[in-house]
Amino acid sequence: MRHWIVDYFPVTSDGEVFALGTCVREVTEEYALSRDLAQSEARLRTAATQSPIHFVQIDEHASIVWAQGGLPGLPTPDDTLRALNEGMPRDVSEAIEAQIVANREDDLPKVFDIRLTVDGEDLCYQVNLDRFRQVPAEDDYILVFTDVTERRALEDRQHVLLSELQHRVKNTLATVSAIARFLVAGADTPEA
């Protein structure tokens with residue numbers, strides 16, 4: 001389907017309007033781009049509110065400027081203009097502040113885990129922290145929290161299973177080695 005815009009304009013002579021002019025142009029591409037942009041924004045809004053991701057922007061004084069997302073235990077839009085240590089447990093806010101100091105020193109993004117207990121449930125969030133580079137004059141930081149509780153539990157389980165497998169392989173190799181030593185030692189006897 002093609003889209004068109006028609007613009008009407010007055011044609012004047014000596015201050016008098018004597019005709020109506022028109023300009024017709026095709027805007028199919030512009031229409032498609034604006035539709036795609038609106039759909040992309042809708043997907044981003046959905047991702048920000050329904051996915052296991054949470055965004056927080058903090059300023060150089062560790063005050064929450066903006067927050068968006070639905071992960072429990074993290075700042076909400078109601079927490080804006082509060083200090084970070086008011087919106088989160090002290091050990092978590094101290095860990096974030098330490099990573100901000102490290103970022104100021106080397107200007108590299110930081111990735112680290114924090115652990116929270118919310119309503120008796122232990123949660124693990126991976127935090128990506130970096131300076132908010134869209135505002136060059138200010139020292140704001142953007143934090144992206146991702147719920148990795150299930151992933152970390154699976155990694156712990158995988159580590160336990162791998163350790164058990166390594167232990168069993170070691171025992172099997174020890175048994176094979178003992179049998180080989182026994183057979184080699186038995187070959188030297190006159191009865192063999």
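Bear in mind that the values in this text are calculations on the coordinates, not laboratory data. It should be emphasised that the depicted structure is a prediction, and the values quoted were computed from it without experimental measurement. Here the Cβ is made from the backbone with ideal geometry for all residues, glycine too, and neighbour counts use every protein chain on show.
What order do you get for 171-182, 70-81, 140-151 when each peptide is scored by the mean count of other beta carbon atoms within 10 Å, highest first?
Highest mean packing first, the order is 140-151, 70-81, 171-182.
Per residue of the chain, what 222 nm ellipticity follows from adding -39500 (n - 2.57) for every DSSP H run with n ≥ 4, rounded to the nearest 500?
Computed mean residue ellipticity for the chain: -15000 deg cm²/dmol.
When 1/r is averaged over all different Cα pairs and the result inverted, which Kirkwood radius in Å belongs to the range 1-88?
17.6 Å
With N set to the number of residues, divide the alpha-carbon radius of gyration of the chain by 2.2 N^0.38 Å and report two decimals.
Cα-based Rg divided by the globular estimate yields 1.98.
Can you order the peptides 103-115, 53-65, 11-23, 120-132 by their average number of other Cβ atoms within 10 Å per residue, highest first?
Result, highest mean first: 53-65, 120-132, 103-115, 11-23.
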